[in-house]
Amino acid sequence: MAYPFQLGFQDATSPIMEELLHFHDHTLMIVFLISSLVLYIISLMLTTKLTHTSTMDAQEVETIWTILPAIILILIALPSLRILYMMDEINNPSLTVKTMGHQWYWSYEYTDYEDLNFDSYMIPTQELKPGELRLLEVDNRVVLPMEMTIRMLISSEDVLHSWAVPSLGLKTDAIPGRLNQTTLMGTRPGLYYGQCSEICGSNHSFMPIVLELVPLTYFEKWSVSML
């Protein structure tokens, strides 16, 4: 999860988030180079009086400053489109979990099991145990197996919500009357925190999401204990 005064992204826990981090660094480097060039040209214009009118009117210069931005846009657009298609791809999920947003809590249903469903409420501050995180801990965590493709079906029963877990690169809107889907695959075990990212009402900031990724054997034992 994020730590105090963190400026960058959280550590990637899924292949999609790793791709997003690479794309972020790639785009940021292009923006940094463009900003440095513009700053250099502005500083030259402010510190020197030398001008060359024939250069400013040259056809070659106009050709360069037309083609160069087009090339830069292509270098940004191609990786972006690749990641967009990767995020929408569904590859034979091993498990399906249906997530419903309510005011103001989440409910989860493991559709591959007959009676495995529960509600997930935020734990009030006065009931927190030592070491638990304020406004992020829930009474029922979503336990999922790691290194397996999992499909999340996301919807809402009242207003707009948004199911988001930053370290997994997930953010999907929960819309009443519409069933959205996304896939996740965690590469290592641990606890991963998220929150509702839609302004859905007065308790909007009190809809935390906690995913607990565990090995498959532990998940099987948990699922049997919950049934």
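Helical content of the chain, expressed as a calculated mean residue ellipticity at 222 nm, amounts to -12000 deg cm²/dmol (DSSP H runs of 4 or more residues, -39,500 (n - 2.57) each, divided by residue number, nearest 500). Leu81 sits among other residues whose Cβ lies under 14 Å from its own Cβ, and their net charge, with Lys and Arg +1 and Asp and Glu -1, is -2. Charged side chains reduced to their Cβ positions (Lys and Arg at +1, Asp and Glu at -1) give the range 93-224 a dipole of some 400 debye around its Cα centre.
Taking the 1.4 Å solvent-accessible surface of the range 13-86 as the whole, the part contributed by carbon and sulfur is 77%.
Within the range 69-112, list the residues whose amide N lies under 16 Å from a label point set 7 Å along Cα→Cβ of Glu127. Hits in the range 69-112 for Glu127 at 16 Å: 104-107. Counting only Cα atoms, the size of the range 13-86 along its three principal axes is 54, 26, 9 Å, in decreasing order.
For the range 93-224, the spherically averaged projection of the C-alpha convex hull amounts to 7.9 nm².
Dipole orientation for the range 93-224: of the candidates Pro189, Leu211, Thr96, Pro189 has the Cα lying most toward the positive pole (charges on Cβ; Lys, Arg +1; Asp, Glu -1).
Comparing Ala70, Ala174, Ala164 in a Gaussian network model of the chain (Cα springs below 10 Å), the most mobile by mean-square fluctuation is Ala70.
Residues Tyr108, Tyr113, sorted by accessible area with the largest first, give Tyr113, Tyr108 [1.4 Å probe; ligands and nucleic acids excluded].
In summary, the helical segments of the chain meeting the span-like criteria, namely a full DSSP H run, a Cα extent along the axis of 20 angstrom or more and a mean Kyte-Doolittle hydropathy of at least 0.0, are 15-47, 59-88.
In the range 14-137, one over the average inverse separation of all distinct C-alpha pairs is 20.9 Å, which is the Kirkwood hydrodynamic radius.
Note on the range 47-202: dipole from Cβ charges, positive end direction compared against Met87, Leu68, Ser162; the farthest Cα belongs to Leu68. Structural size metrics of the chain, computed from C-alpha coordinates, are Rg and Dmax of 23.7, 81 Å.
Extension gain for Leu153-Glu18 works out to 46.3 nm (0.36 nm per residue, less the C-alpha to C-alpha distance). Multiplying the residue separation of Leu44 and Val61 by 0.36 nm and removing their Cα-Cα distance gives an extension gain of 4.4 nm. Dipole magnitude for the chain: computed about the Cα centre from +1 point charges on Lys and Arg Cβ and -1 point charges on Asp and Glu Cβ, it is near 460 debye.
The values are calculated or read from the model by the stated rules, or taken from the named source; none is laboratory data. Source: prediction; values computed, not measured. So basically every Cβ, Gly included, is an ideal-geometry build from the backbone, and we count neighbours across all protein chains shown. Side chains included, ligands, DNA and RNA excluded: accessible areas come from the protein's heavy atoms. Shrake-Rupley method; radii C 1.70, N 1.55, O 1.52, S 1.80 Å.
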